[in-house]
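What follows is one structure encoded as structure tokens, with my remarks underneath.
The values are calculated or read from the model by the stated rules, or taken from the named source; none is laboratory data. Not measured: the values here are computed from a predicted model. Reconstructed Cβ throughout: ideal geometry from the backbone, glycine too, with neighbour counts over all protein chains shown. Note: areas computed on protein heavy atoms with side chains; ligands, DNA, RNA excluded. Shrake-Rupley method; radii C 1.70, N 1.55, O 1.52, S 1.80 Å.
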Amino acid sequence: MYKFILTYAAVIMIIVGLPTIVKAADYSIEEVVIHAHIQEDGSVYVEETFLYSFTDEFNGIIRTLNPKKGTTIRDIEAFENGTPLTIGTKHDIEHYISRHGHNEKIEIDIHYRIDNGMDFYEDMAEFYWPFFDSTNESTYEDLTIAIYPPDKSANTLAIGYDEGENTEIIQEDGSVIFSMGEVKSGRNGDVRVAFDKVLFPGVSVTKEGFLETDIRSEQEERADEAATYAARQQIIKHTAFIALPIIGLIYFIVILNVIKGNHHRKQAVNYLQNNDEIPVTDMTMPETIVFYNRYAVTAEVLTASLLDLVRLKKVEQLENNTFRLKDRTDLEEDEKILVSWLFDDIGDGEIFKLADFNAYYTVEDNGTHFEKKQTSWTQAIVNKLKDKKLTVKMGKLRSLLAVSSLLPIGLAIACLMYKLIFPSISAVVISLFILGFTIFYTPKTEKGWYVHLAWDRFYNHLSQMNTQDWKKWPQEKQMKAFVFGLGVHSHSVEKIAKEIQSYLDNINKLSLNGPSSDISNGVVTFMLVGMAINKDFKRTVSANESADLDSNGNNSIGGGTGVGGGGGGSGAF
């Protein structure tokens, strides 16, 4: 009874631990170093170094430089080992630096000047700049930004935003280094640095007020927020480490009781029938196959259902994969739908040809018809199974478990908000396990176990049979066994059918001396035609259930979401 727990737990862990599959990139940017040298006149001279690693052929790199409103970027140059490179510009901000190559690492230096990039207050001068923004399509694996004053600064203030938050380090000479490390694509990361205004003689005030007060106020506000965040993080952490084991234990007890009950019902079944006897139940073959397949309705079930109508003499099997409807009376609901589907909609009301089935569904407009008919036919079988009382009804318990699974999800969200990864993953695993158990686990009644075990024993016997054993069975038993074997995708019945065909071809003459001596040509045809039409049914079912997903994306490199409407990014071509 513990196999289900172990198997299901393994599946959940595989799903949770499975890495996301993504398209391999043609390049990566291993390192970016940006040096911004602020001049006495307020202009900024920038030196950038990009280390690209290409895994395929390339034509160059792209650097997007989107200036803030009221500023200008000019004198853009690019070098490799001191050698100038050609730059092509599009839309004023996208700069294509040509450098052809294949499967190699390259280091490119980019130089440019920013005019009007500084703001001058009454007490300090500020450089507030977005070197990249959320429209950047490339990940920087290691990003460092260094801001240098024109001379040693005794009073330097610095603050970073988004990816740059808490990465600033003020050096002894007043320069500032933002060690951001890995910066994922699509992220912002503005940097803000203020220096003594005395370092900029002759520059007029451009903004009224005192900057130091504003920055220190923001820093204090951040410190308060950080303290509050840390306190709440501890509360959530302690709550999670207490609540999750309790929640898990409660779920474990509930699930264990459900599985134990199912196991006890299985043990209570006293099945004494011989393995080679076809089980006797109150279920039709389509119902039996669907139940044995755990409610999976496949193309094999469709084929088996049609062949079962032949076995029941409701349908006559003719030559060339053709069938004739003989009797519409006393049909089950699913059989009525199947007859209407194949003989009325596709056939002429009496004759159904497999060729017509294939031709009918090659017409694109008929795809909806297939889906409707398959759904109604499937639902009819499932509805009949519900009336057989084969599974235990757990409506209230399922609802309770489903609703209660939201509790660990809420806890997981709270943990993620406070960067508590381990308890968050644990909560998600618990929630997924409970949801999966609620949706997929269906305990059987004693009757359900009787049906399952009986047919399971027969299936195992069928798998071990050879042609000589098969020929000893009467025709009706052979047909019913083949319908079941084909419906549950037993390779043994297909193998036996081919071996018997070869046997008949060799002797060229068949004499039927009773049900235990040989096999009729009719059964062979029944089996071989069944395998043939099953291939076509599978092909048509797959074609109508498949959907082509065509996703077309547009790569964007440009900037504009950083401070002041500026930004930037990187790419390659």
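In the full protein context, the chain carries 52 Å² of accessible surface per residue, based on a 1.4 Å probe and ignoring ligands, DNA and RNA.
Note on residue 214/residue 172: beta-carbon distance plugged into 1/(1 + (r/R0)^6) with R0 of 22 Å gives a FRET efficiency of 0.35. Remark: segment 45-50, residue by residue, has Karplus-estimated 3J(HN,Hα) of 9, 10, 10, 10, 10, 10 Hz, where x stands for each Gly or Pro and the curve is 6.51 cos²θ - 1.76 cosθ + 1.60 at θ = phi - 60°.
Available extension along the chain between residue 234 and residue 293 is 16.3 nm, counting 0.36 nm per residue and deducting the alpha carbon span. Between the amide H of residue 295 and any residue lying 5 or more places away or on another chain, no distance stays under 5 Å, with hydrogens modeled in the peptide plane.
Of the GluC sites (Glu not before Pro) in segment 140-192, the ones in a loop by DSSP (not H, G, I, E or B) with at most 11 other beta carbons within 10 Å are 172.
Rounded to the nearest 20 debye, the dipole magnitude of segment 339-385 is 300 debye, with +1 charges on Lys and Arg beta carbons, -1 on Asp and Glu beta carbons, and the Cα centre as origin. Relative contact order of segment 394-448, taken over Cα pairs closer than 8 Å and 6 or more residues apart, is 40 percent. The mean sequence distance of close C-alpha pairs (under 8 Å, at least 6 residues apart), as a share of the length of the chain, puts its relative contact order at 19 percent. For the chain, adding -39500 (n - 2.57) for each run of n ≥ 4 DSSP H residues and dividing by the number of residues yields -14500 deg cm²/dmol at 222 nm. Of the residues 468, 100, 46, the one whose Cα sits farthest towards the positive end of the charge dipole of the chain is 468 (charges of +1 on Lys and Arg Cβ, -1 on Asp and Glu Cβ, taken about the Cα centre). Full extension of the chain between residue 57 and residue 76 yields a length gain of 4.3 nm, computed as 0.36 nm times the residue separation minus the alpha carbon distance. Charging the Cβ of each Asp and Glu at -1 and of each Lys and Arg at +1, and nothing else, the dipole of the chain about its Cα centre rounds to 4760 debye. Segment 91-163 and segment 331-397 have Cα centres lying 65 Å from one another. Candidate cross-link partners of residue 326 among the aspartates and glutamates, defined by an alpha-carbon separation under 16 Å and a same-chain spacing of 8 or more, comprise 308, 316, 335, 344, 348, 350.
Summing Cβ point charges (Lys, Arg +1; Asp, Glu -1) relative to the Cα centre of segment 269-377 gives a dipole of roughly 80 debye.
Taking Cβ atoms as reference points and 12 Å as the exclusive limit, the residues near residue 345 contribute a net charge of -1, counting Lys and Arg as +1 and Asp and Glu as -1. Taking amide hydrogens as placed 1.01 Å from N in the peptide plane, the amide H of residue 99 sits under 5 Å from those of 60, 61, each at least 5 positions away in sequence or on another chain.
Each label was represented as a point 7 Å from its Cα along the Cα-to-Cβ direction; for residue 396 and residue 152 these points are 8.1 nm apart. Ranking 233, 199, 209 by how far each Cα lies toward the positive end of the dipole of segment 197-263 (charges on Cβ) leaves 233 at the top. Given the alternatives (1) 3, 16, 24, 22, 16, 11, 6, 2, 0, 0; (2) 3, 12, 15, 14, 13, 11, 12, 10, 6, 3, 1, 0; (3) 3, 13, 18, 18, 15, 13, 12, 7, 2, 0, P(r) over Cα pairs in 10 Å bins from 0, in percent as computed for this entry is given by (2). Between residue 463 and residue 573, the FRET efficiency from the beta-carbon distance, with R0 = 56 Å, is close to 0.45. Each residue, residue 327 and residue 422, gets one label point 7 Å from its Cα in the Cβ direction; the gap between the two is 7.0 nm. If you plug the beta carbon distance of residue 356 and residue 379 into 1/(1 + (r/R0)^6) with R0 = 22 Å, you get a FRET efficiency near 0.35.
Short-range pairs are left out: with C-alpha atoms under 8 Å and at least six residues apart, the relative contact order of segment 196-351 is 9 percent. Span-like helix criteria (full DSSP H runs; alpha carbon extent of at least 30 Å along the helix axis; mean Kyte-Doolittle hydropathy of at least 0.0) are satisfied in the chain by 521-545. The HN-Hα couplings worked out from phi for segment 326-336 by the Karplus form 6.51 cos²θ - 1.76 cosθ + 1.60 (θ = phi - 60°) are 9, 8, 9, 7, 6, 8, 5, 4, 5, 5, 4 Hz, whole numbers, x standing for Gly and Pro. If a spin label sat at a point 7 angstrom from the Cα of residue 26 along the line to its beta carbon, the backbone N atoms of segment 78-121 nearer than 17 Å would be those of 88, 95-106. Quick one: pull the percent of accessible area on the chain belonging to carbon and sulfur, 1.4 Å probe, ligands and nucleic acids left out. The value for the chain is 52 percent carbon and sulfur by accessible area. Count Lys and Arg as plus one, Asp and Glu as minus one, and take only other residues whose Cβ is under 11 Å from that of residue 103; the net charge is then -3.
Note on residue 86 and residue 453: their simple-model spin labels are 8.1 nm apart, each label 7 Å out from Cα toward Cβ. Potential lengthening of the chain between residue 345 and residue 249 amounts to 29.0 nm, from the contour at 0.36 nm per residue minus the alpha-carbon distance.
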